[in-house]
Amino acid sequence: MNVILAADIGGTSCKLGIFDEELNLIEKWEIPTDISEEGSHILADVHDSFRSKEESLNFKVEESLGAGLGMPGPVDFEKGILNGCINLNMKGKRSIATTFRELSGAATIVDNDANVAALGEQSRGAGHGHSEVVMITLGTGVGGGVISGGRLIHGTGGSGGEIGHITVDFDGRFQCNCGKKGCLETVASATGMVNLAGYHSDDYENSVLSAAVKEGTLTSKAIVDAAMTGDPLAEFVVEEAARYLAAAMSNISVITNPGYFIFGGGVSRAGRYLTDKIKKYYDTLIFPPAADDMEIAMAELGNDAGMYGAATLVKQYLIKK
Ligand SMILES: [Zn+2]
C-alpha cells in the first residue's frame, strides 16, 4: 500500500499518522517524547513506532511515499535543519531530514509545528482547501502560518509568516522573546493580554483583576472570563488585543489577500466573543477590496492539525506528479 507517514513532534508527545495518497487518515496514535540525552532518541522512537505498524497496515517504511515531520522549533525548510529546540532539549543545529531519511530509508521533509498546523487546517480543516489562508495561533505567543498559492510561505531564512512579530505597538512598551519590542505577540497573546492588564491596571482600580495583577498571578483566561462579565479593565484589554490583531490582519490582507483567517490556540477558545471584536476593528482597517470573500474561522482539527499538515507537505513536495 502507498502510504504517507506524518509526525507532529512535541515536547511531551509525538502525534503520528499514516495517510493514503489522497490524505485520508488511515490510523493515528501517540507516543511519549523522550527528551533525555539532548533529545537524541526522538527520531529513532518515531521511526520504530512507524515500523511497528508495517505488518498490520501492510506497508514498508522505506517504500512509503515519504515522511513529513513537524518540529517545535525554528526550521530551515530547504535544508531540513532544526536550529535548536528548547522543548526537545536539543541545542545547536540538527539535520532532522537527513537523520530520519538515513534511519528509515524514506524521503523526509521537515517544517516547524506552527507551519504544519496552518497547512493542515488549510488543506483538511477550516480552510477547506482554499489556496490563500492565514492561520493565527493565539497561545503563550502568537504563532501562525501563511499559505499562498496553496503553499506555505517560508521566505529567505524561514521568517516568512512569523505573524507574531509584526510590529503593531509603536510605543514598544513590552519586550518580545525575539529580542525586539512592539511585536503583535507582546499585546495579543496570552502573555500580551497579561502585559496590557498590568500596564493599564492603575486606570481601573475597581477591576476584579487588580489583586491578581499585583500578585503577578493573572492569566489570559481570567481576563477573558472577566471581560465577558463586564469588568472594565478586562474589556479594555480584550478590545486592545482585538484591535492589534485586526491591524496585523489588515496588513497581511494586502500582501496575500487571504480567503480565510483561521484562529487557533488557547486564547481563541474565547470564540466569537473575540472574533466579533476583531471583525469590528478589521472592518475599519481593511483595504476595502480585500474584505470581499474573506472569512474569519475557528480551527477545526485541534491537536491533529500538525499531523495533517506534515502529511500535506509530503504530498506537495515529495510525491512525483
Ligand atoms: Zn517579536
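Axis of helix 305-317 versus longest Cα principal axis of the chain: the two differ by about 50°, to the nearest ten degrees. Taking the C-alpha atoms only, the angle from helix 190-200 to the longest principal axis of the chain is near 10 degrees.
For the stretch 136-184, the normalised intensity computed at q = 0.23 Å⁻¹ comes to -0.87 (log10 of I(q)/I(0), Debye sum over alpha carbons, equal scatterers, no solvent). Note on Asn206 and Asn177: the model spin-label points, each 7 Å out from Cα along the C-beta direction, lie 3.8 nm apart. In this Cβ point-charge picture (+1 for Lys and Arg, -1 for Asp and Glu), the chain has a dipole of about 500 debye about its Cα centre.
With a 10 Å radius around each residue's Cβ, average the other Cβ atoms per peptide and rank 257-269, 156-168, highest first. Show your work: numbers first, answer last.
Details: 257-269: 21.5, 156-168: 18.2.
Highest mean packing first, the order is 257-269, 156-168.
Residues whose amide H comes within less than 5 Å of that of Gly160, counting only those at least five positions distant or on another chain, are Gly155 (H built at 1.01 Å from N in the peptide plane). For the stretch 196-321, the share of alpha carbon pairs falling in successive 10 Å distance bins from zero is 12, 32, 28, 19, 6, 2, 0 percent. Sorted largest first, the spans of the alpha carbon positions of the chain along the three principal axes are 64, 47, 34 Å.
Please say if the stretch 19-145 is rounded, prolate or oblate, where rounded means a/c under 1.5 for a ≥ b ≥ c the square roots of the C-alpha gyration tensor eigenvalues, and otherwise the choice is prolate for a/b larger than b/c and oblate otherwise? It is oblate, given that a/c is not under 1.5 and a/b is not larger than b/c. Accessible surface computed residue by residue for the chain, with neighbouring protein chains in place and a 1.4 Å probe, gives 45 Å² per residue. Taking the stretch 1-92 as the region of interest, the number of lysine pairs whose Cα atoms are within less than 27 Å, with members eight or more places apart or on different chains, is 9. With the simple spin-label model, which puts each label point 7 Å out from Cα in the Cβ direction, the Ser13 to His41 separation comes to 1.8 nm.
With the charge dipole of the stretch 96-252 set up from +1 on Lys and Arg Cβ and -1 on Asp and Glu Cβ about the Cα centre, the Cα lying farthest toward the positive end among the listed residues Gly149, Ala114, Phe100 is that of Phe100.
The values are calculated or read from the model by the stated rules, or taken from the named source; none is laboratory data. Keep in mind the model is a prediction, meaning the values are calculated, not measured. Cβ coordinates were reconstructed from backbone atoms using ideal geometry, including for glycine residues, and neighbour counts include every protein chain displayed. For accessibility, only protein heavy atoms count, side chains too; no ligands or nucleic acids. Shrake-Rupley method; radii C 1.70, N 1.55, O 1.52, S 1.80 Å.
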